[in-house]
Amino acid sequence: MAPKDAPRPSPKHADLLKGDQTLPLGKKASAFVIESKDDDWDEPRTQVTKPKPGFKPTPTRAHVLTRVEGPGEPNRVVLDKEVIAIGRALNNDIRLDNEGVSRNHARLVRIDDEFTVEDLDSRNGIYVNGLQVHAATLRDGDEVQIGDFIFAYQEGL
Amino acid sequence: MACFVRFWGVRGSIPTPGSKTRRYGGNTACVEVRSDKALLVFDAGTGIRELGVELMRKPPPQGTHIHLFLSHPHWDHIQGFPFFGPAYLATTKITVYCPEGDPKNYQLLSGQMSNAYFPVRFSDLKAQIGQESFHGDGVEAGDFVVRRFQQRHPGGSVGFRIEHEGSTVIYATDSEIDLQLADQQQAHAQPQKMRGVPKELVTAMRDANLIIADAQYTDQEYGSRIGWGHPRASTVVDLAAQAQAGQLALTHHDPMHSDRDTDEKVTECAARALAHRSKLEVFGAREGVVLKVATQNIRDTK
């Protein structure tokens, strides 16, 4: 809930453009309605605001691997290390206790803030979007299969 | 021992940076093929810059010998070379392979670094850069044997058959196979039927583990691009199927194609291979993917 004195959107505040389509964005009669508790559509009462000065970098977002298929509960792993080991052995960062997974199966390596998945000569290999690879730099939405497990990769910013 | 193939540039014609091409990549042609004894590079499009960055992370003190093969010297196959970091190191040796008696590849690779185009002259590069001719159709490069074959492209281009200890990789880009079909009318009237591709290309690619091939256009696009030097992706599937190859990596993606467009092209090509009852695995070449090519892919229990 916005504070009572927060600036309010104008009834017609902005447009989103998608190809030839124009999607109006505002408080009234819009494709995307920005709601306000105040039902008074008195346009002159829209407050004047000034953007805060200074450059604001795009907020960062972590790289994430989410298990979407495989034995056990789905889980989500934030990739916050330079090297992340994956395998059946106890010493792995992501431990997959399954016969289809080698003891030291694969690793994720961060290079220039991108993650590459690498096969460590595993028995069953690794697959990215269905293709067996020795290694692959991951992109948002990629599916990585290791044994019976499938992970969805969400690229960070 | 296996050899490894890495895609550094898979885009055709012109670099296409941007969100629409982020997954497959926007760099122009460059493919690395390596063993533990030799490093071969096929084409020097903008993808070679990233390869250079990778090689410069830990340059071996004794230096690197790079065997550079160019399919032809059109821009998208040479334009990355001035930004190839190892070319600036005295410990690097680069051998550029040219057809016998035709130093055009070497001359145009170096000619793009005249002062009018680029601030550093080719002669100022510190690496030992030399040219070597193909004697006949084949040449030895480390523990590889590389053979070449002619392709149909404006100005000409060559494809390469890369052999390594019983496994074979084909690099065949900028090849308008559709102009060489036995029956072009049939290909137009009955597009689903297997096309009669040139026998010499089938022979050159026979039994390859992996074919990396120009597959720039869809069937719908090709009609207005005849003579531009690139094939229908569907025709490349027919060629790879007739050569009884194991895998086909579609590359030289059209600069107008988004990642979704490329996905659709790959899906259609995979369906075509199935319809031909071929065991060919079809996929889209993508920057940053490394494949292990071995005579036997399934390894023993570790």
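Partner shielding of B:279-289 amounts to 4, given as the average count of beta-carbon atoms from other chains within 10 Å of each residue beta-carbon.
What ranking do B:F81, A:F55 get, fewest neighbouring Cβ atoms within 10 angstrom at the top? Could you put the intermediate results ahead of the total?
Working: B:F81 28, A:F55 4.
Ascending Cβ contact count within 10 Å gives the list A:F55, B:F81.
Mind sorting B:F84, B:F118 by how few other Cβ atoms lie within 10 Å of their own Cβ, fewest first? Provide the component values of the computation, followed by the final result.
On the way: B:F84 25, B:F118 13.
Listed from fewest to most nearby Cβ atoms, that is B:F118, B:F84.
Relative to the longest principal axis of the Cα atoms of chain B, helix B:47-57 runs at roughly 50 degrees. Find, among the GluC sites (Glu not before Pro) in segment B:89-154, those assigned to loop by DSSP (not H, G, I, E, B) with at most 13 other beta-carbon atoms within 10 angstrom. Taking segment B:89-154 and a limit of 13 other Cβ atoms within 10 Å, the loop GluC sites (Glu not before Pro) found are B:E100.
Positive contributions from Lys and Arg (+1) and negative ones from Asp and Glu (-1), summed over other residues with Cβ under 14 Å from the Cβ of B:G111, come out at +2.
Roughly what % antiparallel, to the nearest 5, for the DSSP beta bridges in the protein assembly as shown? All intermediate terms of the calculation are to be shown ahead of the outcome.
Details: 68 of 104 bridges.
So the antiparallel bridges amount to about 65 percent of the total.
Just to check, using Stokes-Einstein with a Kirkwood Rh over alpha carbon pairs, what's the diffusion coefficient of segment B:29-149 at 25 °C and 0.890 mPa s in µm²/s? This corresponds to a translational diffusion coefficient of 170 µm²/s. Between B:I66 and B:K93, B:I94, B:T95, the built amide H atoms are under 5 Å apart, and every one of these is 5 or more places off in sequence or on another chain.
So what is the relative contact order of chain B, in percent, for Cα pairs below 8 Å that sit 6 or more residues apart?
On the way: 705 pairs, mean separation 56.5, N = 302.
Relative contact order here is 19 percent.
Computed with the Debye formula from one identical point scatterer per Cα of the protein assembly as shown, without solvent, the log10 of I(q)/I(0) at q = 0.07, 0.11, 0.14 Å⁻¹ comes to -0.44, -0.95, -1.33. Computed extension length for B:D124-B:S19: 34.2 nm, one decimal, from 0.36 nm per residue of separation with the Cα-Cα distance subtracted.
In plain terms, the chain from B:E132 to B:R206 could stretch by 24.0 nm, reckoned as 0.36 nm per residue minus the Cα-Cα distance. Taking the DSSP beta bridges with both ends in chain B, the antiparallel portion is around 50 percent.
For the cross-link pairs A:K12/A:K52; B:K37/B:K58; A:K18/B:K265; A:K18/B:K20; B:K93/B:K126, which exceed 19 Å when the distance is taken from alpha carbon to alpha carbon?
Values: A:K12/A:K52 22 Å; B:K37/B:K58 17 Å; A:K18/B:K265 24 Å; A:K18/B:K20 15 Å; B:K93/B:K126 9 Å.
Flagged as over cut-off: A:K12/A:K52; A:K18/B:K265.
In summary, the convex hull built on the alpha carbon positions of segment B:237-278 has an orientation-averaged projected area of 3.0 nm².
What is the Rg over Rh value, at two decimals, for segment B:3-300, using alpha-carbon atoms and the Kirkwood definition of Rh? Display every interim value, and only then the final one.
Values: Rg = 18.4 Å, Rh = 19.3 Å.
Ratio of gyration radius to Kirkwood radius: 0.96.
With θ taken as phi - 60° and the Karplus curve 6.51 cos²θ - 1.76 cosθ + 1.60 applied, the whole-hertz 3J(HN,Hα) list for segment B:26-31 is x, 6, 7, 3, 6, 10 Hz, x standing for glycine and proline. Of the trypsin sites (Lys or Arg not before Pro) found in segment B:1-109, the ones in coil according to DSSP and having at most 13 other Cβ atoms within 10 Å of their Cβ are B:K37. Seen against the Cα atoms of chain B and their longest principal axis, helix B:233-242 is set at about 90 degrees. If you line up the long axis of helix B:259-275 against the longest principal axis of chain B, both from Cα atoms, how many degrees apart are they, to the nearest 10? Relative to chain B, helix B:259-275 is tipped by roughly 50 degrees.
By the count of neighbouring beta-carbon atoms within 10 Å, fewest first, A:V33, B:V197 end up ordered A:V33, B:V197.
Taken together, the values in this text are just the output of simple stated rules run on the coordinates, not laboratory data. As the structure is a computational prediction, the values presented were derived from the model and not from experiment. Positions of Cβ are generated from backbone atoms using ideal geometry, with glycine treated the same way; all protein chains shown enter the neighbour counts.
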